[in-house]
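K.L.:
Submitted below is the structure of interest, expressed as C-alpha cells.
FYI, it's all coordinate maths here, none of it is from the lab. In this text the structure is predicted, and so the values were computed from the model without any measurement. Glycine gets a Cβ as well: all are built from the backbone with ideal geometry, and neighbour counts include every protein chain shown.
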Amino acid sequence: MSDSARPPRPRALFVAALLLLTLALAGAIALQAYRNFLGHRATAERVLRDYARLAAARFAQRTEMAVYWSVFSPAMDALSRVKADLPDTPLPPPASLPAPTELHSTDFRKLARYTFRYDVLSGRLETGGATPSLGVRKWLRDTLPVHSRTMYDPKERLGAIVRTIEGVPRAIVYTAVLDKTGHPRTLVGLEEDPRGFEPLYTAEEDKFPLLPRPLTGGVVYDSLGSAIVTEADGAELYRSPVQYPPTFAARDSFEHPMMGGIRVQVALRPDMAPKLVIGGMPRSNVPMLLSLLALTAVLVVAALLQLRREYELSQLRADFVSGVSHELRTPLAQIRMFSETLLLGRVRSDEERERSLEIIDQEARRLTHLVENLLHFSRSERRLTRLSPTPAPLAPLLTEAAEAFTPLAAARGVKLRTELTDGVVAPVDADALRQMLLNLLDNAVKYGPAGQTVTLGLTLADGRALLSVDDQGPGIPAAERERIWDRFWRLERDRGSAVAGTGIGLSVVRELVALHGGRAWAEDCPVPGPEGRMGSRFVIELPLMPLAHAATGASPLQADAGASA
Ligand code: ADP
C-alpha cells in the first residue's frame, strides 16, 4: 500500500526536467532577443557612421570651395592684375595689392603677411611687406620647387601649402609662370594666416548643411555635429566651439591637391542619432530580458521546491498510511488471538481468562485512542475541530487519565507516577485534555525503555497551569524539538523502526493546546534517568482565565465536544 501511495519518482524527475527545460528555453529566447538587439544596434551604428562620413565629405567640400573662392582665387587674381609675375617689376607688398572684386570675398590682404616671388632656375626669393625669418625663407626655397612640380594645378593656376612652420600656421598660395616646356619658372604668391579662414568654415552652413535636408527633417543644421580642421601634418587650424564625443565621427580632406591638403574631422551630435535612424536607436533590452529571465528562474525554482515538498509530503503520507496500518495491526492481532483463545475454551484458569479479557480491553482502548487521534487529525485537516472548554480542577482530570493509562503502561513494565498540585482550575475541554495526555503518555511509554518511570506533573507558574510528562527515554535532539510537532514528522531513528507510529500524535496535541489558548513544547527532562541519561519532558501550558471569546459563545472553541468522542 505504501508503495502505491508513493508517487513514482521518475514522474517527479520528468516534471523537474520539463521545468528546467522551460528555463533553458526562456534563456535561449532571451539570448536570441539579445542577439537581435545587438544586430539592430550594429546596423544603426553603421548607418550613423555612414552619415558621419557623408557629413565630413560635405564639410570638406563646402569649406574647400569657400577657401578657394573667398581667399585663394581673389589673391591670385589681384597678383596677376598688378603683373607681379613679371620678373623685373617691383614686388608690391600685400597692402598695396588691389582689393578683391568679388562682393563676397574675404579681404585676403588683411590675412596676408608678405608677398613673394621665387625664381625656380636661379633660386632667387624676393619678398614684399613683412620679412619672413631666415628659417621660413629656407623652407620656402626648399619646398616651392618640389611643390610646384608635383602639386601645382596649371589649369586653375594655383598651388597652396598649408603648414605650421616655426610654430606659426601658414597658408602659402602661389601661381606660376610656365616656361616653354610647361614647367613652372617663376612663382608669385603670398603667405596668409589660415586662422583667418575661420568664418569660412561655417559660412554656407544653411545653404549647404552637414547632411542633406531630406535626411535631417526639422533638425537645426548647425547643431548636427562638431568639426575640427587640421593642416596636412595634423596641427589644428580650427575647432568648432561645441565639441561632441567621436562616437559617430569621420575624417575627410580637401579634394584638390592644389588646396594644401587641409583635413577635416566631423563628429555627429550623439543625441541626434535617434532622429537620424529610422525608428530611432534600438534601446537596450538587457535589463528587461535579465529581469524576465530572473523571474522565470525564480518561478521555476519555486515550482521545483513545490515539487520537492509535494514529493516529501506524499512520502510522509505514504509512511503515515503504513504507520497507521502497522499500529492497527498489532492490537487487532492481540484481540483476535485472545478472543479466539476464549472462544475455543483454551484457557486453563479463571486467572488466565481474566488476563485475556484485560488484554482485549487494553488493546481495544488502544485502538479507540488511535482512531480518536485519526478523527481529530482529519477534523483539523478540514478545520472542523470544535471544543467547549469549561473551568475545571485539573488534578482530578490528570489522575483519571493516569489511571486509564496505567494498564497500558504496566503492560510494558512502565511505572507511572503523578506529581500533581491541587486546586489548579483552568478552562479545559475534558475529552481534548485526555486525548492530549494520552498521546504524550503513549509516546513516553513507546519511545522510552521498558521498566522506566514516567511522571505526570501539574504545577502553577505565572498564572498558568503547567502540565508535564517526563520519561527516561532517549530524549529529543534540540534541533528537532520544533519539527516533531509537524504532521507526519517522525525522528529519523524511529522512521521504519519497530516502534509503530503515524507522526500525527504531537500535531494533534499542539492543535488542541492552541485551541485552549496555550502552548506546548519539548525539553530535556530535568531529572536524569537511572543510567544518568536525560529523558524528555513534554510540557503543556494552559491559561487559567477563561478565554474571552470562549465565554461569548461565538467561537469555534465553544461547540460540540461530543464530536471528538
Ligand atoms: P508517532 O509517535 O506516531 O510517531 P508523534 O507525533 O506522537 O508521532 O511523535 C513524533 C515523533 O517524535 C515520534 O515519531 C518520535 O520520533 C518523537 N517522539 C515523540 N515523543 C517522544 C518521546 N517521548 N521520546 C522520544 N521521541 C519522541
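K.L.:
Along the charge dipole of the chain, which of Leu25, Thr230, Tyr152 sits closest to the positive end, that is, farthest toward it, with unit charges on the beta carbon of Lys, Arg, Asp and Glu (+1, +1, -1, -1)?
P.N.:
Tyr152
K.L.:
Show me, for the range 59-68, the HN-Hα J-couplings you get by feeding each phi into the Karplus relation (A = 6.51, B = -1.76, C = 1.60, θ = phi - 60°), rounded to Hz, glycine and proline as x.
P.N.:
Ordered by residue, 3J(HN,Hα) equals 5, 5, 4, 5, 6, 4, 5, 5, 5, 4 Hz.
K.L.:
Give me the one-decimal nm value for the distance between modelled label points at Val47 and Arg412, 7 Å along each residue's Cα-to-Cβ direction.
P.N.:
For the pair Val47/Arg412, the computed spacing is 8.3 nm.
K.L.:
Using only C-alpha atoms and all pairs of different ones, pull out the Kirkwood radius for the range 1-94 in Å with one decimal.
P.N.:
Details: mean 1/r = 0.0466 Å⁻¹.
This gives a value of 21.5 Å.
K.L.:
Moving to a separate point now. Using a simple charge model, +1 on the beta-carbon of Lys and Arg, -1 on the beta-carbon of Asp and Glu, nothing else, what dipole does the chain show about its Cα centre, in debye to the nearest 20? Please report the intermediate quantities before stating the final value.
P.N.:
Values: 67 positive and 65 negative charges, 414 e Å.
Charge dipole of the chain: 1980 debye, to the nearest 20.
K.L.:
Just to confirm the filter: which GluC sites (Glu not before Pro) across the range 145-192 are DSSP coil and have at most 11 other Cβ within 10 angstrom of their Cβ?
P.N.:
Glu166
K.L.:
In the range 115-146, which trypsin sites (Lys or Arg not before Pro) are in a loop and have at most 16 other Cβ atoms within 10 Å, using DSSP for the loop call? Intermediate values should be presented prior to the final figure.
P.N.:
Details: sites: Arg117, Arg124, Arg137, Lys138, Arg141; in loops: Arg124.
Sparse-neighbourhood loop trypsin sites (Lys or Arg not before Pro): Arg124.
K.L.:
Rounded to a whole number of µm²/s, how large is the Stokes-Einstein D of the range 123-174 at 37 °C and 0.692 mPa s, given Rh as the Kirkwood radius over C-alpha pairs?
P.N.:
Values: Rh = 11.9 Å.
D, rounded to a whole number, is 275 µm²/s.
K.L.:
Three principal axis extents, largest first, for the C-alpha atoms of the range 401-450, in Å?
P.N.:
Principal-axis extents of the range 401-450 (Cα, largest first): 34, 20, 16 Å.
K.L.:
Please go through the range 61-103 and write out the trypsin sites (Lys or Arg not before Pro) that DSSP classes as loop and that have at most 16 other C-beta atoms within 10 Å. Could the numbers behind the result be given before it?
P.N.:
On the way: sites: Arg62, Arg81, Lys83; in loops: Lys83.
Listed in order of number, the matching sites are Lys83.
K.L.:
Still on this structure, please answer the following. Between Leu343 and Ser80, 0.36 nm times their residue separation minus their Cα-Cα distance comes to what? Before the final figure, lay out each step's value.
P.N.:
Working: separation 263, 0.36 × 263 = 94.68 nm, distance 14.99 nm.
The span from Leu343 to Ser80 would gain 79.7 nm if fully extended.
K.L.:
How many nm is it between the label spots at Leu134 and Ser314, if each spot is 7 Å from the Cα in line with the beta carbon?
P.N.:
My value for the distance between the label points is 10.4 nm.
K.L.:
Taking θ = phi - 60°, what integer Hz values does the Karplus form 6.51 cos²θ - 1.76 cosθ + 1.60 yield along the range 160-170, in sequence order, with x for Gly and Pro?
P.N.:
9, 10, 10, 8, 9, 10, 6, x, 10, x, 9
K.L.:
Roughly how large, in nm² to one decimal, is the mean projection of the convex hull of the alpha-carbon atoms in the chain?
P.N.:
51.3 nm²
K.L.:
Relative to the Cα centre, what is the charge dipole magnitude of the range 8-70, using +1 at the beta carbon of each Lys and Arg, -1 at the beta carbon of each Asp and Glu, and rounding to the nearest 20 debye?
P.N.:
Working: 9 positive and 3 negative charges, 48 e Å.
Computed charge dipole of the range 8-70: roughly 220 debye.
K.L.:
Related question: For Ser284 and Glu102 in the same chain, what is the full-extension length gain: residue separation times 0.36 nm, less their Cα-Cα distance, in nm?
P.N.:
60.1 nm
K.L.:
Further question on the same structure: Per 0.36 nm of contour for each residue apart, how much would the distance between Arg365 and Arg195 grow if the chain were fully extended, relative to their Cα-Cα spacing?
P.N.:
Numbers: separation 170, 0.36 × 170 = 61.20 nm, distance 11.46 nm.
Gain in length upon complete extension: 49.7 nm.
K.L.:
Please compute the modelled spin-label separation between Leu304 and Arg336, points set 7 Å along Cα→Cβ, answer in nm with one decimal.
P.N.:
It is 4.8 nm.
K.L.:
Positive end of the charge dipole of the range 436-505 (Lys, Arg +1 and Asp, Glu -1 on Cβ, about the Cα centre): tell me which of Ser497, Gly473, Gly463 has its Cα farthest that way.
P.N.:
Ser497
K.L.:
Which value, in debye to the nearest 20, describes the size of the charge dipole of the range 111-211 about its Cα centre when Lys and Arg Cβ atoms bear +1, Asp and Glu Cβ atoms bear -1, and nothing else is charged? Walk me through the intermediate numbers first.
P.N.:
Working: 15 positive and 14 negative charges, 116 e Å.
The dipole of the range 111-211 has a size of about 560 debye.
K.L.:
For every helix of n ≥ 4 consecutive DSSP H residues, a contribution of -39,500 (n - 2.57) applies; sum these over the chain, divide by its total residues, and give [θ] at 222 nm rounded to the nearest 500 deg cm²/dmol.
P.N.:
Values: 14 runs with 248 residues, N = 565.
Theoretical 222 nm ellipticity from helices: -15000 deg cm²/dmol.
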